[in-house]
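*Asks:* Dropping a structure here in structure tokens format, bear with me for questions.
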Amino acid sequence: MEEAIVQIIPSGKTLGATIEGLDLSQPLSESDVDQVVATLGRYGVVRFPKQTLTAAQQRAFSARFGELEINVAGSFQEPGLPEVMILSNIVENGKPIGIGDAGQDWHTDMSYNRMIAFSNVLYGIRIPHRDGKPLGATTFCNMHAAYEALPEDMKQRLDGMTVLHDFDKFWEMMRRERGSTRPPLTPAQRAARPPVSHPLFLEHPITGRKVLYANPGYSMRINELPQEESDQVLDFLFKHQLQERFFYKFEWQEGDVLMWDNMGTIHKAVDDYRADEPRLIKRCQVMATRFFDDGGQPRRRHAMAA
Ligand code: SIN
């Protein structure tokens, strides 16, 4: 059988590339997996167009990159496949089929977890359009570039410091600010996700360069600073990381699989579509288990790292 030629086409922007020539419904070779990992490190956000996947195939593809998270919020999972979450505003027989407001503010998935996230793998099944234009984009900011653009004295002063991240922060923000139908987390759900700390400047396991690893969704405070100073610094960093020069907008087409590197980016889903404009996306969350052990220590470096 003839092998497909894999092509990597950079977006030419601060983030983003398209990989053509891979059929994600079929098992990938080890070298294809390595190439996808390297592309994620380099471009942060990777699109695989024109895919047709069952939920089981999406799970199998995602699992090639690390262990998969089963979301603590629990609802809206694909029947029999709890690693595949349904993100949707569609209501059938009076019941939502998916979580309708996932990710609609700036955050990094699973920075609240002891084992942080490597990648999200989203499969776009129904994408809303209006006047011929796609809606419900996913937007990103580049955290390699955000770190590099920090003032030198700040990089030095904050080097080695850690940030406390809490799952409940984003959950409550969505409930409060969006008037969402999310119930408060139960004590058991909160206990399953105690706040955790990670380095503020993380050495990226693929590129070997530092990234700014803080996000408005989950980051609570810088542990080594007094509260007031921590609030000021985080406020500065949250504004800094959202600058236009670090920004990239991904516009969906049906059949796209989108993967992104959660360590080198932050993201936000744009809620510019109405209830009668259906959006259906299925998502797997890949933990960074290929890079870190349970104690958060690096396992190995990818070839791109120095
Ligand atoms: C997410 O934050 O994983 C959801 C992104 C999206 O639905 O565009």
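*Asks:* Filter the range 229-282 down to the residues that are assigned to a loop (DSSP other than H, G, I, E, B), open to solvent by less than 70 Å² (accessible area, probe 1.4 Å) and among the acidic types (Asp, Glu) and list them by number.
*Replies:* Asp256, Asp272, Glu277
*Asks:* If you don't mind, there's one more thing I want to ask. Are any of the residues in the range 283-298 assigned to a loop (DSSP other than H, G, I, E, B), within 16 Å of the ligand (Cβ to nearest atom), in contact (Cβ under 8 Å) with a residue 60 or more places away in the chain and in contact with a strand residue (DSSP E or B) (Cβ under 7 Å, 6 or more places away or on another chain)?
*Replies:* First, the residues of the range 283-298 that are assigned to a loop (DSSP other than H, G, I, E, B): 291, 293-297.
Filter once more, so that each one left must be within 16 Å of the ligand (Cβ to nearest atom): none.
Among the residues of the range 283-298, not one is assigned to a loop (DSSP other than H, G, I, E, B), within 16 Å of the ligand (Cβ to nearest atom), in contact (Cβ under 8 Å) with a residue 60 or more places away in the chain and in contact with a strand residue (DSSP E or B) (Cβ under 7 Å, 6 or more places away or on another chain), which makes the answer no.
*Asks:* Would you confirm whether or not the range 78-98 contains a residue that is more than 12 Å from the ligand (Cβ to nearest atom), without any contact (Cβ under 8 Å) to a residue 60 or more places away in the chain, among the charged types (D, E, K, R) and not in a strand (DSSP E or B)?
*Replies:* No, that holds for no residue.
*Asks:* Can you tell me which residue in the range 218-234 is farthest from Trp171 (Cα to Cα), limited to those that are under 26 Å from the mean Cα position of the chain (by Cα) and not polar (S, T, N, Q)? Steps first, please.
*Replies:* Taking the range 218-234 and keeping what is under 26 Å from the mean Cα position of the chain (by Cα), we get 218-223, 230-234.
Subsequent filtering for residues that are not polar (S, T, N, Q) retains 218, 220-222, 231, 233-234.
Working: Tyr218: 9, Met220: 13, Arg221: 17, Ile222: 20, Asp231: 20, Val233: 23, Leu234: 19 Å.
Within the range 218-234, the match that is farthest from Trp171 (Cα to Cα) is Val233.
*Asks:* Every residue in the range 26-50 that is surrounded by fewer than 20 Cβ atoms within 10 Å (Cβ to Cβ) and closer than 19 Å to Trp252 by Cα, please.
*Replies:* We begin by selecting, within the range 26-50, every residue surrounded by fewer than 20 Cβ atoms within 10 Å (Cβ to Cβ); these are 26-35, 38, 42, 49-50.
Result: Pro49, Lys50.
*Asks:* Another question about this same structure. Val211 is checked against (1) more than 16 Å from the ligand (Cβ to nearest atom); (2) surrounded by fewer than 23 Cβ atoms within 10 Å (Cβ to Cβ) and fails just one. What number does that condition carry?
*Replies:* The one condition Val211 does not meet is (2).
*Asks:* Before we move on, is Gln58 part of a helix (DSSP H, G or I), open to solvent by less than 20 Å² (accessible area, probe 1.4 Å) and either within 14 Å of the ligand (Cβ to nearest atom) or touching a residue at least 24 places away in the same chain (Cβ under 8 Å) (or both)? Spell out how you get there, then give the answer.
*Replies:* Working: part of a helix (DSSP H, G or I): yes; open to solvent by less than 20 Å² (accessible area, probe 1.4 Å): yes; either within 14 Å of the ligand (Cβ to nearest atom) or touching a residue at least 24 places away in the same chain (Cβ under 8 Å) (or both): yes.
Criteria met by Gln58.
The values are calculated or read from the model by the stated rules, or taken from the named source; none is laboratory data. Being a predicted model, the structure only gives us computed values, none of them experimental. Methodologically, a virtual Cβ is constructed for each residue, glycine included, from the backbone with ideal geometry; neighbour enumeration extends over all protein chains shown. Protein only, heavy atoms only, side chains kept; ligands, DNA and RNA dropped before computing areas. Shrake-Rupley method; radii C 1.70, N 1.55, O 1.52, S 1.80 Å.
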